[in-house]
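*Asks:* The structure's right below; bear with me while I get my questions together.
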Amino acid sequence: MAILFYIIIGVVILITVLALIAPKSYDVSRSIEISKPKAEVFDNIKYLKKQQEWSPWAKKDPNMEKKFTGVDGEVGSISYWNGNKDVGEGEQEITKIIQGKRVEGELRFMKPFRSTSGSYIDLEESGNGKTKVTWGFNGKNKFPMSIMMLFMNMDKAVGKDFEEGLRNLKSIMEK
């Protein structure tokens, strides 16, 4: 009985230590320069339906179920998806728009696991009619997910998808 007690105490101490050192938040982003004026790029990125044209996840499951509610390109519009294991199920809602500069949203994942993250797309002029686009998402790691983040790198997990999506956007915009 004493051995079992020490094992339980050891596990509790281990979990406590891991929870203390685990990352409490994440912010993953990537940037690209597009040879188009900021206003033209903004007219593409603020619409959830247009984002489907360059989204890397849309390509991972071209047959995913999609629904759009609200007025696309305005605060409160929502894009819902339900797809294969590569894309899961969730929705994105536009929560804030700074005209010509930034679109913020909330990502609510339902499958494969429940979580909520912030999303953003920032634009800044980079001279000569070019625009720097930064696409990212951020959030908090809640226990016990925070412990899992010790063994999973969020930047590596989604960074390549952001890079692919930005390359797709650049290709579409520069045609």
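The values are calculated or read from the model by the stated rules, or taken from the named source; none is laboratory data. A quick note: this is a predicted structure, and the numbers were derived from the prediction, not measured. Here the Cβ is made from the backbone with ideal geometry for all residues, glycine too, and neighbour counts use every protein chain on show.
*Asks:* Looking at the structure I just gave you, is SER25 at pLDDT below 95, among the hydroxyl-bearing types (Ser, Thr, Tyr) and in contact with a strand residue (DSSP E or B) (Cβ under 9 Å, 6 or more places away or on another chain)?
*Replies:* For SER25, the condition - at pLDDT below 95, among the hydroxyl-bearing types (Ser, Thr, Tyr) and in contact with a strand residue (DSSP E or B) (Cβ under 9 Å, 6 or more places away or on another chain) - is met.
*Asks:* For PHE143, are the conditions met, namely being hydrophobic (A, V, I, L, M, F, W, C), in contact with a helix residue (DSSP H, G or I) (Cβ under 9 Å, 6 or more places away or on another chain) and either surrounded by 16 or more Cβ atoms within 10 Å (Cβ to Cβ) or at negative phi (or both)?
*Replies:* The answer is yes for PHE143.
*Asks:* Follow-up question, since we're still on this one. When you look at SER79, is it polar (S, T, N, Q), at pLDDT 90 or above and touching a strand residue (DSSP E or B) at 6+ places or on another chain (Cβ under 6 Å), yes or no?
*Replies:* In short, yes.
*Asks:* Given (1) of a type in the set (Gly, Ala, Ser); (2) part of a helix (DSSP H, G or I); (3) surrounded by fewer than 16 Cβ atoms within 10 Å (Cβ to Cβ), where does SER31 come up short, assuming only one miss?
*Replies:* SER31 satisfies every listed condition except (2).
*Asks:* If you don't mind, another one. Please return the ranges of strands (runs of 3 or more DSSP E) entirely within region 35-126 where 3 or more residues are touching a residue at least 12 places away in the same chain (Cβ under 8 Å) and surrounded by 13 or more Cβ atoms within 10 Å (Cβ to Cβ).
*Replies:* Where strands (runs of 3 or more DSSP E) fall fully within region 35-126 and carry at least 3 residues being touching a residue at least 12 places away in the same chain (Cβ under 8 Å) and surrounded by 13 or more Cβ atoms within 10 Å (Cβ to Cβ), they are 78-82, 89-98, 102-111.
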